[in-house]
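The values are calculated or read from the model by the stated rules, or taken from the named source; none is laboratory data. Given the structure is predicted, the values throughout are model-derived calculations rather than measurements. For neighbour counting, all protein chains shown are included, and Cβ atoms are generated from backbone atoms with ideal geometry for every residue, glycine included.
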Amino acid sequence: MREFIDVTGKTEDEAVSKALAQLGLDRDDVSVEILERAKSGFLGIGSSPARVRVYHGPEEEAAPKAETKPAPKEEPAPAPRPEQEPRQPRREKPKKQERREDRPAPPKAEQPRPAPAVQDLGEEVDDEKAQAIRAFLTGLLEHMECSADIRVYQPEKGRYKVILEGKQMGALIGRRGETLDAIQQLTSYSVNRAGSGRVRVQLDAEGYREKREQSLQHLARKVAGKVVKYRRSVTLEPMNAYERHVIHTALQDVPGVTTYSTGTEPNRRVIVACDRTAH
């Protein structure tokens, strides 16, 4: 059994934060089970804090393997089998070699394909909206003392995909894409403030959006596995609307798991829980 502590707080998030501070761990290192949700009561009467149980420590999955290892060590104890023991490893060695030869390097490492996404965008566009996007980003990047090539595509009507190319793109992406999201919001506001028709602007640099989406999908599958195994809900870190959408989409067809969002922006989170209606 993993170790756990029970912590209370005004809200579930506050209780989890207290537990992480007490354990000195990050959010990804623990599993959270909400025991009691916070109640506000009426005029302060009947209110109660939130109570959560935070599990930590290594998962004891290797225990059965440790029990099977001493069994073969006790068998060679009898003396009548001295000649049979050296013959066994000789027969096992070619099997191991054959297995290694039969297992070439998996082709999975060659599967990341960011390039086709750019090809599918088609040719760059230069209509009224595209010109407004380039003009705004050019002025903004000058104020930020950053230089980048601005490429504008229109993969579908009403949506513009903007790719920034250049050196030191990390400064434009920011921590977990926060700077990139802010620039995207400003660009969308500026372009839609004037002119006819409202359009959607998506900004990307160095394929960050695709990499982040793959990372979130991997996280979603990992958390779903824990939820199904331990039958406990897991609350993820705060995410923006797009990232929450990626989590919901990644787990919408996973049996035994359901997802929903809680909290208010910018601290809105996704909760991955057991789908008890599935049983």
- Item | Which numbered condition Lys226 fails, given (1) out of contact with any helix residue (DSSP H, G or I) (no Cβ under 8 Å at 6 or more places or on another chain); (2) farther than 22 Å from Leu35 by Cβ; (3) of a type in the set (Lys, Arg) | (2)
- Message: Looking at Val201 and the list (1) farther than 24 Å from Ala38 by Cβ; (2) out of contact with any Ser or Thr (no Cβ under 6 Å at 6 or more places or on another chain); (3) not small (Gly, Ala, Ser), which single condition is not satisfied?
- Response: (2)
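Take region 215-232 and flag every residue that is in contact (Cβ under 8 Å) with a residue 24 or more places away in the chain and surrounded by fewer than 20 Cβ atoms within 10 Å (Cβ to Cβ). Steps first, please.
Going residue by residue through region 215-232, those that are in contact (Cβ under 8 Å) with a residue 24 or more places away in the chain are 216-217, 219-221, 223-224, 226-228, 230-232.
Across region 215-232, the qualifying residues are Gln217, Leu219, Arg221, Lys226, Val228, Tyr230, Arg231, Arg232.
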- Task: For region 176-188, state whether one or more residues are modelled with pLDDT under 90, over 28 Å from the mean Cα position of the chain (by Cα), over 30 Å from Thr277 (Cα atoms) and not hydroxyl-bearing (Ser, Thr, Tyr).
- Result: no
- Query: In region 129-138, is there at least one residue being more than 30 Å from Ala273 (Cβ to Cβ), part of a loop (DSSP other than H, G, I, E, B) and outside the structural domain of Met239 (by TED's automatic domain parsing)?
  - Reply: no
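The rows are residues; the columns are (1) modelled with pLDDT of 95 or more; (2) assigned to a loop (DSSP other than H, G, I, E, B); (3) under 24 Å from Asp29 (Cβ atoms); (4) assigned by TED's automatic domain parsing to the domain that holds Val32.
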residue	(1), (2), (3), (4)
Arg198	no, yes, no, no
Gln202	no, no, no, no
Ser215	no, no, yes, no
Lys229	no, no, yes, no
Pro238	no, yes, yes, no
Val246	no, no, yes, no
Thr249	no, no, no, no
Pro255	no, yes, no, no
Pro266	no, yes, yes, no
- Flag if Val191 is hydrophobic (A, V, I, L, M, F, W, C), in a helix (DSSP H, G or I) and in contact (Cβ under 8 Å) with a residue 60 or more places away in the chain: yes
- Members of region 204-213 that are crowded, with 18+ Cβ neighbours inside 10 Å and in a helix (DSSP H, G or I): Tyr208, Arg209, Arg212
- Could you give every pair whose Cβ atoms fall below 6 Å, whose first residue belongs to region 24-35 and is outside the structural domain of Thr8 (by TED's automatic domain parsing), and whose second residue is surrounded by fewer than 19 Cβ atoms within 10 Å (Cβ to Cβ) and basic (Lys, Arg), counting only separations of at least 6 or pairs across chains? none
- Message: Anything in region 125-140 that is touching a residue at least 24 places away in the same chain (Cβ under 8 Å) and among the small types (Gly, Ala, Ser)? List them, or say none.
- Response: Ala130, Ala132
